1. Scan the range 126-137 and give yes if some residue there is under 19 Å from F75 (Cβ atoms), within 15 Å of the chain's Cα centre (by Cα) and either crowded, with 16+ Cβ neighbours inside 10 Å or not assigned by TED's automatic domain parsing to the domain that holds V81 (or both), otherwise no.
2. Let me confirm something: among P80, P98, which residue is in contact with a Phe, Trp or Tyr (Cβ under 6 Å, 6 or more places away or on another chain), assigned by TED's automatic domain parsing to the domain that holds R44 and farther than 16 Å from T65 by Cβ?
3. How do the helices (runs of 4 or more DSSP H) wholly within the range 60-146 filter down when requiring 3 or more residues that are charged (D, E, K, R): which remain?
4. Would a scan of the range 140-163 turn up a residue that is more than 26 Å from S90 (Cα to Cα), over 21 Å from the mean Cα position of the chain (by Cα) and modelled with pLDDT under 90?
5. When you look at V81, is it surrounded by 13 or more Cβ atoms within 10 Å (Cβ to Cβ) and in contact with a Lys or Arg (Cβ under 7 Å, 6 or more places away or on another chain), yes or no?
Amino acid sequence: MFRWILFGSVLCFLMAPPADVFGQFGPSGNRFDPYAPGLDPRVRRDWREKAVAAVGPTARDFVETQGDEAVTAIFACSRPVAVKLVEFYSSGKMGKLPRPRALLYVISQPRHGDDVALWAIYHAGELTDADSFDAYLRSPLDYALGLKQLAAGAAEVRARRLNQPAPWTVSLSPSEKMGIAVVAGLAIVGYLIGRHRRSGIC
């Protein structure tokens, strides 16, 4: 009797569709890592085909356009959410985000998957704002689980961006500023003296 139960369990596992193991695949561990050094292009192509086969033909354009990030995002989610992600792309709403591939990368991170993907899909309009988008990518689970409001996060990102000094701005101490002023003054005086002497000679 026990052997028949064991046989039946094994048979059910073998018959289970690939969708049942969705969330086990991602960018770390014994999973597809598109950023692994020296990754064989054949392996990348194989994973793209697996992603299309798992979700369906409608995923072809999504996978080929968004590349390896699309593959890792698909396998980080359950099949129903992966299908929604493909539909989100096909609707054109994903293309309105500042950096779609960056979102897919964040979705593919461990323990993000469904929660991060679904929140982004349902709040796509808010994420078209660059500051809101950057805030979400920094700590997506805080927003997806209702621990923080996106408006507050966007305000923090905006304030940080506006208070950031321009790349060409150099912060100088008062003594350094005084030294530069003295050197500039001496240079101007020297120039004027030299010019006066030249004009006197002529």
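1. no
2. Criteria check complete, one pass: P98.
3. Here the list reads 60-66, 79-90, 130-138.
4. yes
5. no
Quick grid of which residues meet (1) crowded, with 17+ Cβ neighbours inside 10 Å; (2) within 30 Å of R161 (Cα to Cα); (3) among the aromatic types (F, W, Y); (4) within 15 Å of the chain's Cα centre (by Cα):
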position	(1), (2), (3), (4)
A70	yes, yes, no, yes
A76	yes, no, no, yes
E87	no, no, no, no
A102	no, yes, no, yes
G113	yes, yes, no, yes
A120	yes, yes, no, yes
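The values are calculated or read from the model by the stated rules, or taken from the named source; none is laboratory data. A quick note: this is a predicted structure, and the numbers were derived from the prediction, not measured. Quick reminder, even Gly has a Cβ in these numbers, built from the backbone with ideal geometry, and neighbours come from all protein chains shown.
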